[in-house]
1. Could you quote the convex hull projected area for the stretch 1-152, Cα atoms only and averaged over all directions, in nm²?
2. Remind me, relative contact order of the stretch 1-49 in percent, using alpha carbon pairs under 8 angstrom and six or more residues apart?
3. Name the most mobile residue of 173, 59, 15, meaning the one with the largest mean-square fluctuation, in a Gaussian network model of the chain with Cα contacts below 10 Å.
4. Pop the C-beta distance of residue 145 and residue 2 into the FRET formula with R0 = 41 Å and round what comes out to the nearest 0.05.
5. At a threshold of 8 angstrom on Cα-Cα distance, excluding pairs fewer than six apart, so keeping six or more, what relative contact order does the chain reach in percent?
6. For the residue pair residue 178 and residue 194, what label-to-label distance in nm results when each label sits 7 Å from Cα along the Cα-to-beta-carbon direction?
7. Taking a cut-off of 24 Å between Cα atoms, list the lysines near residue 37, but don't count ones fewer than 8 places away on the same chain.
8. Return the FRET efficiency for the residue pair residue 49, residue 133: r is the Cβ-Cβ distance, R0 is 41 Å, and the value is rounded to the nearest 0.05.
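The values are calculated or read from the model by the stated rules, or taken from the named source; none is laboratory data. Just so we're clear, the structure is a prediction, and the values are computed from it rather than from any experiment. Using ideal geometry, Cβ is built from the backbone for each residue, glycine included, and neighbour counts are taken over all protein chains shown. What goes into the accessible areas is simple: the full protein's heavy atoms, side chains included, and nothing from ligands, DNA or RNA. Shrake-Rupley method; radii C 1.70, N 1.55, O 1.52, S 1.80 Å.
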Amino acid sequence: MQIAIVKYNAGNIYSVVNALRRMGIEPLLTDDAELLKKADRVLFPGQGHAGEAMDYLRSRGLDQMIRDLKQPVFGICVGQQLLCKHSEEGDTDCIGIFDAEVKRFQPQRHEDKVPCMGWNDLDVRCKMNGGKCDPLMEGLGEKPYVYFVHSYYVPICEETIATADYILPYSASMHKDNFYACQFHPEKSGKVGEQILKNFLEL
């Protein structure tokens, strides 16, 4: 199985590479559209500015290519946000898989710090499939803890499969068709994150 990671001007991509290597997988890191199309699984991770990331993707035609992918695709952190239709960060039009607007956290109390950094628990939502959780979220146990670093969030919407709460409840993970995403960093989330990556590879 060929696992490809979208290479673009975003940070933290190599932590995903290293996480897969720990699982015995040597991923392909590339911005070559043809190689990405041929991969069995595509990961779209990263940290950074939404506007700069979209400029890079558009300059190489990767925004449309990602929209057209048919194999399982997994957006991580900024990757989840870029799969939405628009971000407040830089007033940026994004890829548009999820019909959602990415918002900036607005502190309500003195102790509300932005960016949100640290561990938080997930509330895994059951979709309308007989009460079962989404395949990406299977085997995580009750209230699994994962690691977040972000200043922007996706509001809860129809595609939300897990939520977290920081200042307000928001989408911690999403799924639509062959596109999966999470706001947190599975590659930095210990055994829970490794299980999520494993679930994605086994879809």
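1. Mean orientational projected area (the stretch 1-152, Cα hull): 10.4 nm².
2. 59
3. Maximum fluctuation in the GNM of the chain, among the listed residues, is at 59.
4. 0.85
5. Over the chain, the number comes to 18 percent.
6. Modelled inter-label distance: 2.9 nm.
7. Correct list for residue 37: 7, 70, 85, 176, 198.
8. It comes to 0.80.
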